[in-house]
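The values are calculated or read from the model by the stated rules, or taken from the named source; none is laboratory data. Everything quoted here is computed from the prediction, not taken from an experiment. Cβ placement follows ideal geometry from the backbone for every residue including glycine, while neighbour counts extend to all protein chains displayed. SASA here: full protein model, heavy atoms, side chains in, ligands and nucleic acids out. Shrake-Rupley method; radii C 1.70, N 1.55, O 1.52, S 1.80 Å.
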Amino acid sequence: MNFDELIDRRGTNCTKWDGMQSATGVSAQDAIPMWVADMDFRAGDFLQDATRALLEKANYGYFTGEPEMKRAVAWWMQERHGWEADPAAMFSTYGLGNGIALCLQTYTDPGDEVIIFTPVYHEFTAKIRNAGRVVKESPLRIENGVYHMDLDALENALSGREKMVLFCSPHNPAGRVWSAEELAALANFCTCHNLLLVSDEIHHDLVYTGQRHLAFPVAVPEVTDRLIMLTSSSKTFNTAGSRLGTVTIQDPDLRARFSATMKALNISPNLLGCVLTHAAYSQEGANWVDALMCYLDGNRDLFVSGVSDIPGVKAMTMQATYLGWVDFTDTGMNMTEVINRVTTQARIAPSIGAEFGTGGESFLRFNFAAPRARVAEAVERLQAAFSDLQ
Ligand SMILES: Cc1ncc(COP(=O)(O)O)c(C=O)c1O
């Protein structure tokens, strides 16, 4: 576990580096990619061992092992989150983006509205629109530098066509860990307005010391009759390429409907995803994540304080995730100028805040899950690119 090791991911077909030029216009030759949400760290030994064992067996045909993998998922949820998740209530999807799309197909009809709390992971909007459903934004409010849901404003804006809330917990971007009271208020809102609650908790393990992520069924057990839980080992262990997510549905009727969609589309798990998820959800995996979070904590301090030293630039306080959320409003510059400085002067590719919906317009998102030396370099480059601001 040497998170300081600089590994060269160029030439490995990884989107973050090898797809950067075509997606962002910034060349990976000399620029630092801080966009895609994956990490520039070597995979844990327990993942390598499991993959090696797979290679040695040289059996890539149809396979068993999904039940054991689901038991490992249940073990992890109990051990790390105090959530008693029933393996019989789990489905394995093709990543969690697929899990979201399947929820939309199963529980909503074209034209239905789906509520999201913006700014939020930009793919929520894309998936809702791709399905022919309608995005209903509920902008988060910033109070004392922290995001809050505004359920009163949302209530006043309801059209009656809303069917579902697509919730992100912890929140991406800005790494907000929601409190028991906030989760209870949202659950109550969903009950009052007969909304399904899809809780995307993909970032649940990436929580800093002193914070506790509350899995929705732990925080509000009585909401399980309208709750769909989305989890995956992929953010925690950097295995997004293995495309495996877990959708857990406690309510029998909701589960039967989801099962029908899975059957209609003939979705079954893939071998590598099963092997990696099973290996990740282990004691070795737990030790690795604990060490990772200590390391990321140092990166967070370095990044948040370093960019906040630039006059007019504010990085939001983060309770979870490695996705720094930086507000450029008080620089007085328009975002075209800000983005130009970040990409062409600092030579950094961030994610563009406007893509995260209302409230994200003046922000950029920076992924600092990289060896510390590279994060330090990114901070220096940003300070230099805005050194004229006093
Ligand atoms: C909140 C959230 N959900 C889902 C995903 C994507 O999941 P997957 O790669 O399994 O499709 C991401 C990726 O960044 C995310 O941040």
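For the range 116-132, which positions are touching a helix residue (DSSP H, G or I) at 6+ places or on another chain (Cβ under 7 Å), among the hydrophobic types (A, V, I, L, M, F, W, C) and outside any helix (DSSP H, G or I)? Residues satisfying the conditions are Ile116, Val120, Ala131. Of the residues Lys136, Lys127, the single one that is under 28 Å from Leu323 (Cβ atoms) and more than 16 Å from the ligand (Cβ to nearest atom) is Lys136. Where helices (runs of 4 or more DSSP H) fall entirely within the range 153-262, those with at least 3 residues that are away from the ligand (no atom under 16 Å from the Cβ) are at 180-192, 216-219. In the range 189-205, is there at least one residue being β-branched (Val, Ile, Thr) and crowded, with 22+ Cβ neighbours inside 10 Å? Looking through the range 189-205, at least one residue is β-branched (Val, Ile, Thr) and crowded, with 22+ Cβ neighbours inside 10 Å.
Comparison of Ala37, Ala43 shows that the only residue that is within 26 Å of Thr125 (Cα to Cα) and of a type outside the set (Asp, Glu) is Ala37.
Just the residues that are within 14 Å of the ligand (Cβ to nearest atom), small (Gly, Ala, Ser) and either under 27 Å from Trp325 (Cα atoms) or out of contact with any helix residue (DSSP H, G or I) (no Cβ under 9 Å at 6 or more places or on another chain) (or both), please, taken from the range 87-115.
Gly95, Gly97, Gly99, Ala101
Put simply, of Trp76, Trp35 the only residue that is within 30 Å of Pro252 (Cβ to Cβ), buried (at least 18 other Cβ atoms within 10 Å of the Cβ) and in contact (Cβ under 8 Å) with a residue 60 or more places away in the chain is Trp76.
Looking only at residues in the range 59-83 that are part of a loop (DSSP other than H, G, I, E, B) and under 22 Å from the mean Cα position of the chain (by Cα), the one that is farthest from Ala286 (Cα to Cα) is Trp83.
Here Ala28 does not fit the description of being under 21 Å from the mean Cα position of the chain (by Cα), more than 16 Å from the ligand (Cβ to nearest atom) and open to solvent by less than 40 Å² (accessible area, probe 1.4 Å). The residue pairs whose first member lies in the range 95-119 and is of a type in the set (S, T, N, Q), whose second member is within 12 Å of the ligand (Cβ to nearest atom) and part of a strand (DSSP E or B), and whose beta carbons are closer than 7 Å, counting only pairs six or more residues apart or on different chains, are Asn98/Gly245. Looking at the range 355-364 only, could you name the residues that are open to solvent by 10 Å² or more (accessible area, probe 1.4 Å) and within 22 Å of Trp17 (Cα to Cα)? Selection gives Glu355 alone.
Matching residues to (1) open to solvent by less than 10 Å² (accessible area, probe 1.4 Å); (2) in contact with a helix residue (DSSP H, G or I) (Cβ under 7 Å, 6 or more places away or on another chain); (3) more than 22 Å from Ala37 (Cβ to Cβ):
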{"position": "Ser233", "(1), (2), (3)": "yes, yes, no"}
{"position": "Val247", "(1), (2), (3)": "yes, yes, no"}
{"position": "Asn266", "(1), (2), (3)": "no, no, yes"}
{"position": "Asp297", "(1), (2), (3)": "no, no, no"}
{"position": "Asp301", "(1), (2), (3)": "no, no, no"}
{"position": "Met316", "(1), (2), (3)": "no, no, no"}
{"position": "Leu323", "(1), (2), (3)": "yes, no, no"}
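Which residue out of Phe328, Phe368, Phe386 is of a type in the set (Phe, Trp, Tyr), within 13 Å of Ile310 (Cβ to Cβ) and touching a helix residue (DSSP H, G or I) at 6+ places or on another chain (Cβ under 6 Å)? Checking each option against the conditions leaves just Phe328.
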